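The values are calculated or read from the model by the stated rules, or taken from the named source; none is laboratory data. Please read these numbers as outputs of a predicted model, since none were measured by experiment. Cβ: placed from backbone, ideal geometry, glycine included. Neighbour counts: every protein chain shown.
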Amino acid sequence: MVSVSNQNINFAIEEYKAVRTEVDNLQKQSYLMESAVLLGFASVFVFTSNKNITGGFYWWCLFAVTIVGLLRKTDMSKRVEHLGKYILKLEEALYINSDLGWEKYIKNNGLKNHSTKIFWFTINAVALVMAIYKSIYS
């Protein structure tokens, strides 16, 4: 294993704090984006249901926005995954022969969050179905 000096430990702690802050910011952006997509979804639904609007133009636009949101969320998730792998390396260097460390805990216990995938799949599927339905039956 790698020998870790006090200076290296101090640097690793500061680096860990910075990476942790970046992960937290990405998570906040993710929640904000999901909220904005839900607001857009509700707005299109209300706008198109109260007026005699033909065609599915607004639903197709919403579908495009949800696809872009999904791509952005995927990019953010990959970034968090890479940061998590880096934090795991820091934890392994700092906690030699120990099970301490959040990333090590996640790795050992296989914790996965599927609710975000379900959210994006559902929102995209509903927007697509509504766009097709409105295009055919309006």
Residue ranges of helices (runs of 4 or more DSSP H) in segment 49-138 with at least 1 members closer than 22 Å to Tyr31 by Cα, among the acidic types (Asp, Glu) and without any contact (Cβ under 8 Å) to a residue 60 or more places away in the chain: 57-94, 102-109
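Which of the residues spanning segment 68-79 are touching a Leu at 6+ places or on another chain (Cβ under 7 Å) and surrounded by 14 or more Cβ atoms within 10 Å (Cβ to Cβ)?
Here is the first cut: in segment 68-79, the ones touching a Leu at 6+ places or on another chain (Cβ under 7 Å) are 76, 79.
Residue satisfying the conditions is Met76 alone.
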Filter segment 4-47 for residues that are within 29 Å of Met130 (Cβ to Cβ) and among the aliphatic types (A, V, I, L, M) and give the result. Leu32, Met33, Ala36, Val37, Leu38, Leu39, Ala42, Val44, Val46
Determine whether segment 59-67 contains at least one residue that is surrounded by 14 or more Cβ atoms within 10 Å (Cβ to Cβ), at pLDDT below 85 and within 17 Å of the chain's Cα centre (by Cα). no
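Hey, can you tell me all the residues within segment 22-58 that are surrounded by 12 or more Cβ atoms within 10 Å (Cβ to Cβ) and among the β-branched types (Val, Ile, Thr)?
First, pick out the residues of segment 22-58 that are surrounded by 12 or more Cβ atoms within 10 Å (Cβ to Cβ): 22-23, 26-27, 29-30, 33-34, 36-38, 40-41, 43-45, 48, 53, 55-58.
Listed by number, the residues that qualify are Val23, Val37, Val44, Thr48, Ile53.
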